[in-house]
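So the structure is just underneath, and the comments pick up after that.
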Amino acid sequence: MISDRPNKFVDTVFECCDTGVRNDVFHITFEDEKIDGKSITIDGRKLVNFGSCGYLGLELDQRLIEGAIDASRRYGVQYSSSRAYSSCPLYKEAEGLLSKIFDNNPAVLAATTTLTHVGVLPILLQENDLIILDQKVHGSVQMACQLLKARGTQLEMIRHNNMQMLEDKINENPNKYEQIWYMADGIYSMFGDVAPIDDLIYLLDKYENFYLYVDDAHGMSWAGKNGRGYVMQNHPLHPKMVLTTSLAKGFGVGGGVFVMSNEEMKRKIFTCGTSYTFSGPIQPPLLGAIIASAKIHLSDEIDVLQNRLKEKIDYTRRLGQELKLPEINPSVSPIFYYALGHPRVGYNMIKKLMNEGYYTNIGIFPTVPVNCTGLRIPVTLNQSNEDIKNVLQAFAHYLPKVLDEENVNIEQLCRSFKNPFIETKKQYFEQVVLQKENSKFNIQHEESITKIDKSQWNAILGNNGSFDWEGCKFIEDSFSGNAEVENNFDMNYILIKDRADKLVLGTFFTVAVCKDDMVSTVAVSQAVEAKRKNDKYYLTSKVVSLGSLITEGNHLFIDRTNENWKSALQELIKIMSNVKQKTGASVIQLRDFDTDDNEIKELLINEGFIRFDLPDAHVVSNDNWSSPDEYVDSLSKKSRYHVRKNMVKNEDVFDVEIENVSNLEEIDDIYNLYLNIKRESFKINTFDLPKKIFENALLNQNWELIKLRLKNEKNLCCFVLCYKSVNMNYCPIVIGIDYSVNETHSCYRQALYQIMKQSIVNKCRLVYFGMDASIEKQKLGAEVLKKSLFLQADDNYSLEATSILAQKN
């Protein structure tokens with residue numbers, strides 16, 4: 001049986017999309033036995049179809065249908081041979097016609113646009129080239145580029161349509177790469193915005209080693225002479241440009257095409273590209289339809305069709321402006337995108353429009369940023385102006401209702417899209433009091449723990465780790481007034497009570513500068529750190545995060561017996577969003593949730609978060625052991641043998657000191673040992689802790705310092721800083737090691753054993769062992785806790801972060 005093995009990125013995407021499936025928004029099959037292009041039937045209801053990208057309505061044109069039938073009669077429904085051997089003669093006619101459409105430039109067909117990318121890019125680019133991806137270039141292009149990355153080609157990413165960043169990248173690498181290729185779309189498939197073709201042509205002319213690869217799938221047919229697309233609408237094919245496009249949108253058929261001016265390179269790709277050598281061909285029926293569609297494109301009729309669609313595009317845009325709809329990135333394209341924000345708002349709107357008789361689509365992660373869900377409406381010739389007017393009026397009618405039902409206000413929508421939506425606010429929300437008093441809760445929001453009742457705080461969170469009242473005070477004192485921006489935290493404490501004055505939720509969160517690759521793979525972090533040698537803050541962002549960078553455990557108290565607990569959690573997210581906007585942060589992180597908590601997972605995904613696995617956490621529960629021997633005896637047979645052989649037996653090799661309040665004589669040695677382990681640890685990649693935290697801990701009675709030296713040696717070989725919470729938790733927070741001693745005497749194992757011994761001496765109930773080194777900690781009796789991080793990021797979240805997260809698997 002094939003097992004369902006974890007794959008971090010795939011699992012994240014699956015969770016987001018599967019929520020849409022369960023909301024009856026995705027994976028829908030229409031029920032018609034025959035369609036007319038305008039409507040489809042779903043659940044017995046006939047709906048006007050606003051989900052098709054058949055912009056010119058050619059897919060039901062009788063000439064295309066007859067072309068497919070005629071080709072089938074002459075050549076069958078398939079010709080089963082790779083084109084490396086032989087091809088159906090219709091190929092030559094089809095590619096000849098397509099070449100005429102593209103101004104007599106060589107054109108080659110493939111079964112799909114994705115297979116076009118897979119066939120072209122590995123031949124076009126070499127190991128000594130650089131690929132620069134636009135942040136929003138189509139996923140099929142990104143997938144093909146990953147094939148090149150595997151063989152050594154360097155990949156980088158820039159913010160969407162940011163030509164200054166693109167030119168900076170070119171100038172950063174003037175001689176390092178033979179060719180620099182920028183990957184872009186002509187028309188971007190979700191928001192419908194366009195590539196800055198004029199600027200790109202300018203850069204092609206300016207830089208000798210700069211090249212452009214552009215996918216104009218959504219620009220084909222409705223734009224340009226003979227329907228050659230948006231990219232070639234106002235410019236001939238540049239000698240350093242490769243154009244790919246799809247025949248499965250406006251062209252009305254199926255298949256992909258690449259076009260280039262270099263005949264020899266075309267022949268090499270056709271001969272060596274895997275899609276052309278090993279994949280099956282486009283079959284005769286589609287080739288017949290392609291020929292029929294190409295003949296329409298080469299006739300005057302294409303101008304008529306284009307003008308009709310342009311009228312509809314102009315009508316749709318004009319009507320949207322009259323209705324004051326929150327349109328994103330208005331452009332000349334037939335794709336319209338209207339802001340909704342959270343996925344649950346999108347699901348609600350889709351269902352309401354479906355009840356009104358309209359089938360529409362939404363964009364959600366990963367096709368758009370996580371909190372930028374929106375209604376996506378492609379306009380086609382199959383829809384009447386009356387259809388367009390009715391669906392937009394229905395959207396306008398339900399917009400304030402849906403936001404209200406989902407407890408989202410217009411200001412949240414503005415923050416998600418970084419757009420003031422001034423006219424939308426005036427039209428639909430002028431009478432709404434945006435910051436109205438919440439009828440369900442009394443909220444206490446403080447920026448210092450000194451303003452929070454100590455006994456109440458310790459009662460709800462004092463048992464969960466190192467963030468009892470005194471622990472939070474320590475964090476405030478240690479992470480303020482430091483020279484480095486990353487070592488200063490803004491602290492926020494939240495208590496939410498219902499109207500009966502019963503506490504529903506309590507937590508704290510911090511605002512801090514973090515590394516975007518904090519939980520990426522070791523290989524990714526190592527590569528990013530190489531760049532940070534020249535730019536310390538490369539790929540960093542200001543983050544609003546539950547808990548802090550030096551705490552672990554369950555940071556959130558929430559009374560799930562209270563009927564309003566979900567609303568309280570949503571209120572917390574609103575507060576964090578407000579702080580994010582106020583501080584200029586890019587990301588909200590909610591962390592340390594149990595991975596198997598499906599109720600929380602679904603709620604947060606509907607709030608626009610995406611989930612990632614954190615490294616395993618480890619906790620040991622004290623079974624009232626009276627001595628270390630009794631503790632060791634309680635372990636399993638294998639673990640007991642391991643601990644006695646590798647830890648207890650070697651204890652006499654070390655001098656062990658336990659200090660509750662220490663002097664600072666060895667502070668430099670301690671800090672250098674910490675840096676030893678920090679420089680080698682990338683599993684949780686953070687900035688170096690400030691020396692101030694060590695100084696404060698050594699002078700604080702709530703901390704203990706475990707020091708190890710080899711017998712008769714002066715120098716420390718290992719230390720552990722441990723926090724003792726008010727509810728008797730023992731939390732090793734920082735460790736430092738002399739690796740040369742560790743190789744010969746296993747001082748790290750000994751330190752773990754000494755942590756357990758000291759927790760027993762202190763009669764601690766729990767030992768929070770932290771992340772990493774899972775096998776060693778499990779042998780000491782630690783329970784493995786599977787934890788998740790939920791992330792909600794801006795569209796501009798330090799750009800490469802998207803690809804970094806994608807590489808986590």
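Tell me, which residue of segment 356-381 that is in a strand (DSSP E or B) and among the hydrophobic types (A, V, I, L, M, F, W, C) is nearest to ASN23 (Cα to Cα)?
Residue satisfying both the conditions and the ranking: ILE362.
Look through VAL21, VAL13 and report the one residue that is assigned to a helix (DSSP H, G or I), of a type in the set (A, V, I, L, M) and without any contact (Cβ under 8 Å) to a residue 24 or more places away in the chain.
Unique residue meeting the criteria: VAL21.
Among the numbered criteria (1) touching a helix residue (DSSP H, G or I) at 6+ places or on another chain (Cβ under 7 Å); (2) at pLDDT below 95; (3) closer than 24 Å to ASP468 by Cα, which one does THR551 miss?
(1)
Of the residues that sit in segment 774-790 and are part of a loop (DSSP other than H, G, I, E, B) and buried (at least 20 other Cβ atoms within 10 Å of the Cβ), which one is nearest to the chain's Cα centre (by Cα)?
So the residue we want is ALA782.
Only one of SER626, SER636 is among the small types (Gly, Ala, Ser), open to solvent by 40 Å² or more (accessible area, probe 1.4 Å) and over 44 Å from the mean Cα position of the chain (by Cα); which?
Criteria check complete, one pass: SER626.
Pick from PHE429, PHE395: which is aromatic (Phe, Trp, Tyr) and open to solvent by 10 Å² or more (accessible area, probe 1.4 Å)?
Just one listed residue meets the conditions, PHE429.
Does segment 458-492 hold any residues that are more than 28 Å from VAL620 (Cα to Cα) and either of a type in the set (Val, Ile, Thr) or buried (at least 22 other Cβ atoms within 10 Å of the Cβ) (or both), and which are they?
PHE479, VAL485
Look through segment 726-773, keep the residues that are in contact with a helix residue (DSSP H, G or I) (Cβ under 7 Å, 6 or more places away or on another chain) and hydroxyl-bearing (Ser, Thr, Tyr), and return whichever of them is farthest from TRP625 (Cα to Cα).
Only one residue fits best here, namely TYR739.
So, LEU148, is that one open to solvent by less than 20 Å² (accessible area, probe 1.4 Å), modelled with pLDDT under 95 and over 15 Å from LEU212 (Cα atoms) or not?
yes
Going through segment 540-558 one residue at a time, which ones are assigned to a strand (DSSP E or B), under 25 Å from LEU785 (Cα atoms) and open to solvent by less than 20 Å² (accessible area, probe 1.4 Å)?
Looking only at segment 540-558, we keep the residues that are assigned to a strand (DSSP E or B), and these are 540-547, 557-558.
After this cut, where a residue has to be under 25 Å from LEU785 (Cα atoms) as well, the list is 543-547, 557-558.
Result: VAL543, VAL544, SER545, LEU546, GLY547.
Quickly run through segment 632-647 and pick out the residues that are within 23 Å of CYS747 (Cβ to Cβ) and either in contact with an Asp or Glu (Cβ under 8 Å, 6 or more places away or on another chain) or in a loop (DSSP other than H, G, I, E, B) (or both).
Passing the criteria: LEU635, ARG640.
For the structure I just gave you, tell me whether ILE40 is of a type in the set (Val, Ile, Thr), over 17 Å from ILE282 (Cβ atoms), open to solvent by 60 Å² or more (accessible area, probe 1.4 Å) and not in a helix (DSSP H, G or I).
Taking the combined requirement at face value, the residue does not satisfy it.
Residues of segment 52-91 being exposed (fewer than 14 other Cβ atoms within 10 Å of the Cβ), more than 42 Å from the chain's Cα centre (by Cα) and outside any helix (DSSP H, G or I), which ones?
The answer is GLY76, TYR85, SER86, PRO89.
It is to be established whether one or more residues within segment 336-355 are charged (D, E, K, R), outside any loop (DSSP other than H, G, I, E, B) and in contact with a helix residue (DSSP H, G or I) (Cβ under 9 Å, 6 or more places away or on another chain).
yes
So LYS352 passes all but one of these: (1) charged (D, E, K, R); (2) under 30 Å from GLY57 (Cα atoms); (3) buried (at least 23 other Cβ atoms within 10 Å of the Cβ). Which condition number does it fail?
With respect to (1) charged (D, E, K, R); (2) under 30 Å from GLY57 (Cα atoms); (3) buried (at least 23 other Cβ atoms within 10 Å of the Cβ), LYS352 is out only on (3).
Checking the condition at pLDDT 95 or above and at negative phi, which residue from THR373, THR367, THR380 passes?
Sole residue among the options that is at pLDDT 95 or above and at negative phi: THR380.
Do the conditions hold for ASP193, that is, is it open to solvent by 10 Å² or more (accessible area, probe 1.4 Å) and either more than 30 Å from ASN382 (Cα to Cα) or without any contact (Cβ under 8 Å) to a residue 40 or more places away in the chain (or both)?
So ASP193 does not fit the description; no.
Being under 25 Å from THR19 (Cα atoms), at pLDDT below 95, open to solvent by 20 Å² or more (accessible area, probe 1.4 Å) and of a type outside the set (A, V, I, L, M) is the requirement here; does LYS582 meet it?
In short, no.
Could you list all residues from segment 312-322 that are farther than 20 Å from THR380 by Cβ and open to solvent by less than 30 Å² (accessible area, probe 1.4 Å)?
Residues satisfying the conditions do not exist here.
For segment 92-113, enumerate the residues that are more than 17 Å from ARG228 (Cα to Cα), surrounded by fewer than 19 Cβ atoms within 10 Å (Cβ to Cβ) and touching a residue at least 12 places away in the same chain (Cβ under 8 Å).
GLU93, THR112
Taking segment 559-594, which residues are in a helix (DSSP H, G or I), over 21 Å from the mean Cα position of the chain (by Cα) and charged (D, E, K, R)?
LYS566, GLU571, LYS582 - these are the residues of segment 559-594 that are in a helix (DSSP H, G or I), over 21 Å from the mean Cα position of the chain (by Cα) and charged (D, E, K, R).
Would you list the strands (runs of 3 or more DSSP E) that sit entirely within segment 422-539 and hold 3 or more residues that are at pLDDT 90 or above and aliphatic (A, V, I, L, M)?
In segment 422-539, the matching strands (runs of 3 or more DSSP E) lie at 490-498, 503-515.
Exactly one of these conditions fails for ASN492: (1) touching a helix residue (DSSP H, G or I) at 6+ places or on another chain (Cβ under 8 Å); (2) closer than 26 Å to ARG765 by Cβ. Give me its number.
(2)
Would you confirm, using the coordinates I've provided, whether SER299 is over 30 Å from LEU399 (Cα atoms), surrounded by fewer than 19 Cβ atoms within 10 Å (Cβ to Cβ) and either under 35 Å from the mean Cα position of the chain (by Cα) or of a type in the set (Ser, Thr, Tyr) (or both)?
yes
Could you list, in sequence order, all residues of segment 234-277 that are loosely packed, with under 15 Cβ neighbours inside 10 Å and either touching a Leu at 6+ places or on another chain (Cβ under 6 Å) or more than 16 Å from ILE123 (Cβ to Cβ) (or both)?
ASN234, HIS235, PRO236, PRO239
So, ASP404, is that one in a helix (DSSP H, G or I), open to solvent by less than 50 Å² (accessible area, probe 1.4 Å), modelled with pLDDT of 90 or more and charged (D, E, K, R) or not? It would help to see each step written out before you state the result.
On the way: in a helix (DSSP H, G or I): yes; open to solvent by less than 50 Å² (accessible area, probe 1.4 Å): no; modelled with pLDDT of 90 or more: yes; charged (D, E, K, R): yes.
Against the criterion (in a helix (DSSP H, G or I), open to solvent by less than 50 Å² (accessible area, probe 1.4 Å), modelled with pLDDT of 90 or more and charged (D, E, K, R)), ASP404 does not qualify.
The values are calculated or read from the model by the stated rules, or taken from the named source; none is laboratory data. If you're wondering where the values come from, they're calculated on a predicted model, not measured in any experiment. Reconstructed Cβ throughout: ideal geometry from the backbone, glycine too, with neighbour counts over all protein chains shown. Note: areas computed on protein heavy atoms with side chains; ligands, DNA, RNA excluded. Shrake-Rupley method; radii C 1.70, N 1.55, O 1.52, S 1.80 Å.
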